[in-house]
Structures are given as C-alpha cells and as structure tokens.
Amino acid sequence: MDMAYLILILLLVVIAALAVIYRKIKRIDLYAWDLDRRTKLLLENEFRQIEALCALYVDLKLEHSLPQTRQWAGSPDFLSLLVKTILNEKPTTIVECSSGVSTIVAARAVEINGNGHIYSLEHEPEFANKTREELARQNLQRWATVIDSPLKTIDTKYDKQLWYDASSLPDLPIDILVVDGPPES
C-alpha cells in the first residue's frame, strides 16, 4: 500500500511538473508569436520610411543631403506628405510649430513653387540655430524664417498649456499650419 501511495504521489508530481512546463512553453510560444508580429510591423514601417525618404530626395532634387530624420525630426512619411501638400496647394504663408528637417523640406518645396514663405516657431535656441545653419547650407534662407519663440503658459478651455509665443509672427493669413511641437514633456 505504501508503494502505491508513493507511485501515486510521484505520478502527481510528474503531472504537476508537466503542467508547469506546458504553461511555460505556451507562454514562450505566445511571446514568440507576438514578437514575430511586432517585428514584421516594425520592418514594414521602416521600409515605408525608406521609401518616403527616397521620394523626398527625388521630389525635392536637393543639392545637399538632409539631416537625420529620426529622434526629434519629422519622420520621412510625414515630411513627404508635407512636401506633396505644399507642392499641390502652393501656399503663400506656412507657419510651423518647431523647426528642423521639416523646415528644410518645406522651404525647398516653396522654392520649387517659386512663391511662399515658412515661419518656423522654435523654443530651443540650439535647434533654432541648427535649423538656420541648415537653411544656409541648403541655400534656402530666402524661403524660411526661424523665429525664436519661447514657450509660455496659456489658458485653454480645459487647463493651462505651454505654447509658442507667436507675437513675433507677421500679421498674415496662414495657409498651412504645421504642428510638430512643442514636445509633450
């Protein structure tokens, strides 16, 4: 009888161990499936970004390379949409919240149109200067103005928010407003 209990206990331990192993294998399988799905989506997005960046170079016929379009810069698909909008709509006045690569590609699109101007509000002096330097490197300073525009607290219907001090903007009708800032933080 003792041997039968021992075998039964041993059998229960083996079954419990198999259940734990099965659960862990199932979790690993689900994780691997999700990782595979996320990797495919990530690669598809990266491919779309490369295509959009190539299209930018073709559409803009740039003389010099663009700065990096990662981290703080607008993504290539966003920049490509901005360029196509400017080339098709032919706006006269574009106001942009946050300067950078978007300022460069917008200025080049305006130059291609032969008319218009970008006013880019920038709260970070370092980024404002980098954008001005890049506009000069691309010989586009005629088509864009980077305005030092510190963030100030404004009252909205719901709460207080930080927003650009737009008091230095010229009093012109705005044809396109590009909002790519300020950073959420």
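A full extension of the chain between I25 and D165 corresponds to an added length of 44.8 nm, given 0.36 nm per residue minus the alpha carbon distance. Taking amide H as placed 1.01 Å from N in the peptide plane, S120 has its amide H under 5 Å from the amide H of E96, T145, V146, I147, each at least 5 places away in sequence or on another chain. The charge dipole of the range 61-185, taken about its Cα centre with unit charges on the Cβ of Lys, Arg, Asp and Glu (plus for the first two, minus for the last two), comes to roughly 340 debye.
What's the magnitude of the charge dipole for the range 131-185 around its Cα centre, counting Lys and Arg as +1 and Asp and Glu as -1 at the beta-carbon? Answer in Debye, nearest 20.
Details: 6 positive and 10 negative charges, 22 e Å.
For the range 131-185, the charge dipole is close to 100 debye.
Please list, by residue number, every one of the GluC sites (Glu not before Pro) in the range 57-155 that is coil in DSSP and has at most 13 other beta-carbon atoms within 10 Å. Passing sites in the range 57-155 are E63. For the chain, the longest principal axis of the Cα atoms and the long axis of helix 101-113 meet at an angle of about 50 degrees.
The string of couplings for the range 156-169 from the Karplus curve (6.51, -1.76, 1.60, θ = phi - 60°) is 10, 4, 9, 6, 9, 9, 8, 8, 5, 6, 8, 5, 8, 5 Hz, one whole number per residue in order, with x for Gly and Pro.
Which whole-Hz couplings ³J(HN,Hα) result when phi for each residue of the range 137-147 is put into the Karplus expression 6.51 cos²θ - 1.76 cosθ + 1.60, θ = phi - 60°, listed in order with x for Gly and Pro? Once θ is set to phi - 60°, the couplings for the range 137-147 become 4, 8, 6, 10, 4, 5, 9, 8, 10, 9, 9 Hz.
Helix 76-89 and the longest principal axis of the Cα set of the chain meet at an angle near 30°. Just the protein heavy atoms count here, and of the accessible area of the chain at 1.4 Å, carbon and sulfur take up 60 percent.
Evaluating 6.51 cos²θ - 1.76 cosθ + 1.60 at θ = phi - 60° for every residue in the range 57-65, the Karplus couplings come out as 4, 5, 5, 8, 6, 5, 7, 10, 5 Hz, glycine and proline recorded as x.
Taking amide H positions as modeled 1.01 Å from N, with prolines and chain starts lacking one, the residues under 5 Å from T93 and 5 or more places away or on another chain are H117, D175, I176. Farthest toward the dipole's positive end in the range 67-185, which of G74, W143, V179, given Cβ charges of +1 (Lys, Arg) and -1 (Asp, Glu) about the Cα centre? So the residue furthest toward the plus end is W143. Loop-located chymotrypsin sites (Phe, Trp or Tyr not before Pro) in the range 48-104 (DSSP state not H, G, I, E or B) with no more than 16 neighbouring Cβ atoms inside 10 Å: W72. Accessible surface for H117 stands near 30 Å², nearest 10, in the context of the full protein assembly shown (1.4 Å probe). Labels on offer are [x] 60, 37, 29; [y] 49, 40, 33; [z] 97, 43, 28, and the one holding Cα extents along the principal axes in Å computed from this structure is [z]. Taking all protein chains as shown and a probe of 1.4 angstrom, K84 keeps an accessible surface of around 90 Å².
The values are calculated or read from the model by the stated rules, or taken from the named source; none is laboratory data. What you are looking at is a predicted structure, and each value in this text was computed from that prediction instead of being measured. Every residue, glycine among them, receives a Cβ derived from its backbone with ideal geometry; neighbour counts consider all protein chains shown. Note: accessible area is taken over every heavy atom of the protein model, side chains too, but ligands, DNA and RNA are not part of it. Shrake-Rupley method; radii C 1.70, N 1.55, O 1.52, S 1.80 Å.
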